[in-house]
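Contents: one structure, followed by commentary.
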Amino acid sequence: MKPVIVVHGGAGRIFKEREEGSRAGVARAALRGYGILKQGGSALDAVEEAVRSMEDDPHFNAGCGSVLNEKGEVEMDAIIMDGKTLDSGAVSAVKCIANPIKLARLVMEKTKHMLLTDRGAHLFARAMGIPETPGEKLITERSRERWKKNLEPDSNPEEFQKDLGTVGAVAIDSEGNVACATSTGGLSNKLIGRVGDTACIGSGGYADNHSGATSTTGHGESIMKVVLARLILYHMEQGLSPEMAADTALDYMKTRVGGLGGVIVVNNSGQWAARFSTKQMSWATVKDDQLHYGIYAGERHTKSVDEALTFESEGF
Ligand code: ASP
């Protein structure tokens, strides 16, 4: 099987001044994940690495750069899933952790459970030797500004949904195993303790070697109502291509509950899709040593991996 990775850096609206950084961030993440797959590494390792690279990138709403809750704190959700075994691990409402996706993977591999939240997740992180990162270090000037703006009495609640930047990855490796990973700071000014779609299996992501893998982004409560990730795999099980399955499920979410979002998909024969009903979604993929990436509907840049890696060392 030829390996494939697809990543997203969130669906919503990406402000002009952040477009270049978002394109570079998703391209870099896809190249990192592909590097692992090319050396015979697993889909699980590849999606974790790709997501970790975007958690460390302040352009995205995950890890450092996460949006803030109503009290001005970072609270993050993440999930990872192995399509071979259907094992998955997730964390929700975690603070002071630089890479929630790593913790989600440890939940999958080192516990009998699938989701740890808040205090329990922190106790587990400590037991696993994961260092605490002071919450302040995960907060960017931009996320604080936005939080403050949203607190203003005349702020537009629609702001909550703009400029989102949840991150995710799906991959198929040379053995034909698929995996997905998703990580987010959630919605800006959310209530303390709000758990979004990202941490919920079947909503924020799903992976099954029998059909494929998907990672979602967008309005979490809408995604949960239609269980978007599992719905896409259901459509693929009925014979639809990744692109048709993604469009059908996104259309359903829009018409049924008025929710917008975006998804990345790979099926078990290596076909992929990056689709969204929002104005924009940053995405990138690498297949056959070719990197493709874009932000707007219909936008697609292509570079060979070699060319892209040179580009990367020059800082994009
Ligand atoms: N789905 C995420 C959430 O609601 C937000 C996003 O994807 O941007 O927590």
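Details
- Cβ-based net charge around Y293, under 14 Å, with every Lys or Arg adding one and every Asp or Glu removing one: +1
- Between the range 188-266 and the range 9-78, the alpha-carbon centres lie 18 Å apart.
- The orientation-averaged projected area of the convex hull spanned by the Cα atoms of the chain comes to 14.7 nm².
- Under 5 Å between amide hydrogens, built in the peptide plane, is the criterion, and for L240 it picks out nothing among residues at least 5 positions away or on other chains.
- Prolate/oblate/rounded call for the range 1-142, Cα gyration tensor, a/c under 1.5 rounded: oblate
- Given K16/K137; K38/K303; K84/K112, the pairs whose alpha carbons are separated by over 23 Å: K16/K137
- Label-zone membership for the range 32-69, site D87, 7 angstrom Cα→C-beta point, backbone N under 16 Å: 42-48
- Taking the fewest neighbouring Cβ atoms within 10 Å as the starting point, the ordered list for I101, I79 is I101, I79.
- Partners for K225 among lysines (Cα-Cα distance below 17 Å; same-chain residues under 8 apart left out): K254
- Local net charge near I192, Cβ-Cβ under 12 Å (Lys/Arg +1, Asp/Glu -1): 0
- Taken along its principal axes, the alpha carbon cloud of the range 167-236 reaches lengths of 42, 21, 15 Å, longest axis first.
- Calculated FRET efficiency for the pair M244/L191, C-beta based, R₀ 45 Å, to 0.05: 0.80
- Calculated FRET efficiency for the pair Q39/D154, C-beta based, R₀ 51 Å, to 0.05: 0.45
- A simple spin-label model places pseudo-atoms 7 Å from Cα toward Cβ; at M1 and E20 they are separated by 3.8 nm.
- Placing a pseudo-label 7 Å from each Cα along the Cα-to-Cβ vector at E299 and Y234 gives an inter-label distance of 3.3 nm.
- Residue-averaged 222 nm ellipticity for the chain, from DSSP H runs of 4+ at -39500 (n - 2.57), nearest 500: -11000 deg cm²/dmol
- Taking amide H as placed 1.01 Å from N in the peptide plane, T111 has no amide H partner under 5 Å among residues 5 or more places away or on another chain.
- Annotation for the range 1-92: chymotrypsin sites (Phe, Trp or Tyr not before Pro) lying in DSSP loop with at most 16 further Cβ atoms inside 10 Å of their Cβ are F15.
- If R0 equals 25 Å, the separation of the Cβ atoms of D289 and D56 corresponds to a calculated FRET efficiency of about 0.50.
- Cut-off 20 Å, label 7 Å out along Cα→Cβ of R256, residues of the range 179-200 by amide N: 196-200
Here, each number is a calculation from the coordinates, and none is a lab measurement. No experiment lies behind these values; they were computed from the predicted model shown. Neighbour counts are summed over all protein chains in view; Cβ atoms, including those assigned to glycine, are modelled from backbone coordinates with ideal geometry.
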